[in-house]
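**Student:** Here it is, the structure, as structure tokens.
The values are calculated or read from the model by the stated rules, or taken from the named source; none is laboratory data. Being a predicted model, the structure only gives us computed values, none of them experimental. Heads up, the Cβs are rebuilt from the backbone with ideal geometry, glycines too, and the neighbour counts pull from every protein chain shown. Note: areas computed on protein heavy atoms with side chains; ligands, DNA, RNA excluded. Shrake-Rupley method; radii C 1.70, N 1.55, O 1.52, S 1.80 Å.
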Amino acid sequence: MWGYSKIMAKIKDFPSFLRGRESWNNNWQSQWTRNVQTAASGRIRTMTTQMYPLWVIYLQYNSLTDKEADELQGFLNQSANCYFWYKDYQRYHETNQILAKNANGTYQCVINIGGFIEPALRVDNVTVYKNGVPTTDFTVTDGKITLKISVTDRDVITADYDYYFKCRCKDSTYTINRNFINSNNVALYLCVVR
């Protein structure tokens with residue numbers, strides 16, 4: 001019998017052959033859980049305990065070959081509604097992003113969507129700059145950059161990088177429509193998890 005740790009050992013990447021093949025009617029939905037209280041005077045007070053929205057990403061893929069549809073189906077079945085890394089075809093890159101220093105001395109990569117900042121848990125294709133000058137003396141772990149050079153509080157650390165979203169399928173079922181030979185389509189809802 002497989003141990004739980006073997007199943008969860010490595011989070012897989014969403015199939016790269018699908019990247020950029022999404023149809024035009026994809027969307028991102030931002031969900032917040034709010035508590036709204038209305039006083040007798042009509043004054044309204046709202047509260048939330050969420051730090052970040054629940055992102056729900058709707059993806060539709062048309063014109064998949066039979067082989068591609070099988071590969072996607074295999075990936076989804078192997079994921080068994082567990083987590084996977086998804087790199088969006090439009091929202092995936094930060095350029096010259098200023099990084100904040102964590103208490104442990106690392107620098108957290110972030111996702112900046114219209115000025116709303118949340119941590120990036122996985123990044124690749126990273127270039128780091130100290131005061132605008134590139135450096136190669138760093139490591140990256142779980143979206144955090146550790147510099148191996150001396151840095152003062154006056155130094156500005158920026159970076160260029162691609163980021164991923166940690167996701168799961170929103171529903172436990174999905175349907176791949178086989179229209180004709182080598183003509184398949186599927187619609188998926190992904191939830192970003194943290």
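**Student:** Can you send over the carbon and sulfur percentage of the accessible area for the chain, probe radius 1.4 Å, protein chains only?
**Tutor:** Summing carbon and sulfur atoms, their accessible area is 50 percent of the total for the chain.
**Student:** Sort 35-41, 61-67 for me by packing, meaning the mean count of neighbouring Cβ atoms within 10 Å per residue, highest on top.
**Tutor:** 61-67, 35-41
**Student:** Using a Gaussian network model of the chain whose springs link C-alpha atoms within less than 10 Å, name the residue from Lys130, Lys144, Lys166 with the highest mean-square fluctuation.
**Tutor:** Lys130
**Student:** While we're on this one: Could you give the size of the charge dipole of segment 1-156 about its Cα centre, using +1 on the Cβ of each K and R and -1 on the Cβ of each D and E, expressed in debye and rounded to the nearest 20?
**Tutor:** Here the size comes out at about 520 debye.
**Student:** Hey, what's segment 111-194 come to in accessible area per residue, 1.4 Å probe, Å²?
**Tutor:** On the way: 4620 Å² over 84 residues.
The answer is 55 Å² per residue.
**Student:** Still on this structure: For the chain, what number of Lys pairs, 8 or more residues apart or on separate chains, have alpha-carbon atoms under 15 Å from each other?
**Tutor:** 8
**Student:** Pairwise over distinct Cα atoms, reciprocal of the mean inverse distance: report the Kirkwood radius of segment 88-151 in Å, one decimal place.
**Tutor:** After inverting the mean inverse Cα-Cα distance, the result is 12.4 Å.
**Student:** Out of residues 5 or more away from Phe138 or on other chains, whose amide H comes under 5 Å of its own, with H placed 1.01 Å from N in the peptide plane?
**Tutor:** For Phe138, the qualifying residues are Lys148.
**Student:** Name the long-range amide H neighbours of Lys101: under 5 Å, sequence gap of 5 or more, or other chain; modelled H, no Pro or chain starts.
**Tutor:** Distant-sequence amide H within range of Lys101: zero hits.
**Student:** I'm spelling it out carefully: the read-out is mean projected area of the Cα convex hull in nm², the candidates are (i) 16.9; (ii) 22.7; (iii) 10.7, and one was derived from this structure. Which label?
**Tutor:** Only one listed value fits the structure, namely (i).
**Student:** To continue, here is another question. Keeping all protein chains in place, calculate the accessible area per residue for segment 21-80 (probe 1.4 angstrom), answer in Å².
**Tutor:** Per residue, segment 21-80 has an accessible area of 68 Å².
**Student:** Arrange the peptides 74-80, 154-160 so that the one whose residues have, on average, the most other Cβ atoms within 10 Å appears first.
**Tutor:** 154-160, 74-80
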